[in-house]
Amino acid sequence: MDIKNLQRENIKNLRPYSTARDEYKGQASVFLDANENSFGSPLPENFNRYPDPLQLDLKDAISKIKGVPIENTFLGNGSDEAIDLLFRAFCNPGKDNVIILPPTYGMYEVSANINDVEIRKVNLLPNFQLDLEGIAEAIDANTKLIFICSPNNPTGNSIIRTDIETVLANFNGLVIIDEAYINFAKQRTFIQELTEYPQLVVLQTFSKAWGLAGLRLGMAFASSITIDILNKVKAPYNISQSTQDLALAALQNIGQVNEWIKITVAERELLSKQLLELPMIRKVYPSDANFILAEVDDANGTYDALVEQGIIVRNRAKITLCEGCLRITVGTPAENSILLSALKSLKP
């Protein structure tokens, strides 16, 4: 497969914006090229200079943790930027289509609609696994992207690995595996398979296990050709200097992050058992993420009652295959205790 042939024709011929910092090589001490404020900034840190447009220092630090070369790494303003850029780079509006697998992360559909790209929905099976026959039937010559969320949001389960490999082996477009919750799962990441599948794109994020949702920093790992295309389409300085600096600092605390992951997984199992002891809970689905999908007697009423007590969960009752369900993030032990007490206090 030639990834270059998958991109839109106008993107093939696109001449990307050249930043001032792209146009010289070597070291310099006087910067009079980018019309910055040479006197500094009113902040303690010096943010008067534009950040590295390719975030090379941060990518180098990520590479040491993930084992993925810099040339196979893209950083975005959250994973949402990478999702949007995949549409913009590879999907012709009004012509091409993508496949999503409900119930799944909502931004795939939102980005498709923004970019005027047809959405083909192939619902997951009742066990929340891939409908391989349905996916095969939905694919045509204009299908460019297939989005697979694993562990899946909002169901929490990992998708069977061999089923994902079947899609990768039989689809001549990009297969995007969204691994936002992979740190909480037993299943290993697909990033080690990048050399085997040139059409593979793996999304990960700093928003979940790393606790940096407020920074808005997402990662995409793919072939160097795909990464080059994303870099060509992205905004010149899409990751701020402050985000790069704070993420670099966070990467020095991987031990703390691993401890949080360990606690979260233990709390997830405990909370699942405790929820099942409540009469209002019909079912708790197995989860490989940092949240639990639970079917309750009255999802809307339970949600509203929790809101009245200042506890916010996610009502997924209107989502395909999640009828009657609430999605509950695994909190701290204290937060989980408050939730359980509130649920016990509700009248049947």
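The values are calculated or read from the model by the stated rules, or taken from the named source; none is laboratory data. All values derive from a computational prediction rather than experimental measurement. Neighbour counts are summed over all protein chains in view; Cβ atoms, including those assigned to glycine, are modelled from backbone coordinates with ideal geometry.
The set of residues from segment 120-175 being without any contact (Cβ under 8 Å) to a residue 24 or more places away in the chain, under 28 Å from K95 (Cα atoms) and β-branched (V, I, T) comprises just one member, V122. Go through segment 167-190 and give me each residue that's closer than 20 Å to L6 by Cβ, of a type in the set (V, I, T) and in a helix (DSSP H, G or I). Once the filter is applied, which keeps residues that are closer than 20 Å to L6 by Cβ, of a type in the set (V, I, T) and in a helix (DSSP H, G or I), segment 167-190 yields only V167.
Every condition in (1) in a helix (DSSP H, G or I); (2) touching a residue at least 60 places away in the same chain (Cβ under 8 Å); (3) more than 19 Å from the chain's Cα centre (by Cα); (4) assigned by TED's automatic domain parsing to the domain that holds E335 holds for I261 except the one numbered (3). Taking the criterion of being on the phi > 0 side of the Ramachandran plot and touching a residue at least 24 places away in the same chain (Cβ under 8 Å), the only residue of segment 23-62 that qualifies is Q55. Looking only at residues of segment 324-348 that are at pLDDT 95 or above, charged (D, E, K, R) and over 24 Å from the mean Cα position of the chain (by Cα), we find that the one that is surrounded by the fewest Cβ atoms within 10 Å (Cβ to Cβ) is K344.
Looking only at residues in segment 48-75 that are β-branched (V, I, T) and outside any helix (DSSP H, G or I), which one is farthest from N231 (Cα to Cα)? Among those residues, the one meeting the criterion is V68.
For segment 205-215, indicate whether the set of residues that are touching a helix residue (DSSP H, G or I) at 6+ places or on another chain (Cβ under 9 Å), over 30 Å from P333 (Cβ atoms), assigned by TED's automatic domain parsing to the domain that holds L86 and of a type outside the set (D, E) is non-empty. Within segment 205-215, none of the residues are touching a helix residue (DSSP H, G or I) at 6+ places or on another chain (Cβ under 9 Å), over 30 Å from P333 (Cβ atoms), assigned by TED's automatic domain parsing to the domain that holds L86 and of a type outside the set (D, E). When every residue of segment 15-25 is checked against the conditions, at least one turns out to be aromatic (F, W, Y), assigned by TED's automatic domain parsing to the domain that holds N231, outside any helix (DSSP H, G or I) and surrounded by 11 or more Cβ atoms within 10 Å (Cβ to Cβ). Checked against (1) assigned by TED's automatic domain parsing to the domain that holds L58; (2) free of Cβ contacts under 8 Å to residues at least 40 places away in the same chain; (3) surrounded by fewer than 21 Cβ atoms within 10 Å (Cβ to Cβ), A266 meets all criteria but (1). Please go through segment 317-331 and pick out each residue that is touching a residue at least 40 places away in the same chain (Cβ under 8 Å) and assigned to a loop (DSSP other than H, G, I, E, B). Selection gives I319, T320, L321, C322, G324, V330, G331. Of the residues I148, I83, I135, the single one that is part of a strand (DSSP E or B), modelled with pLDDT of 95 or more and of a type in the set (V, I, T) is I148.
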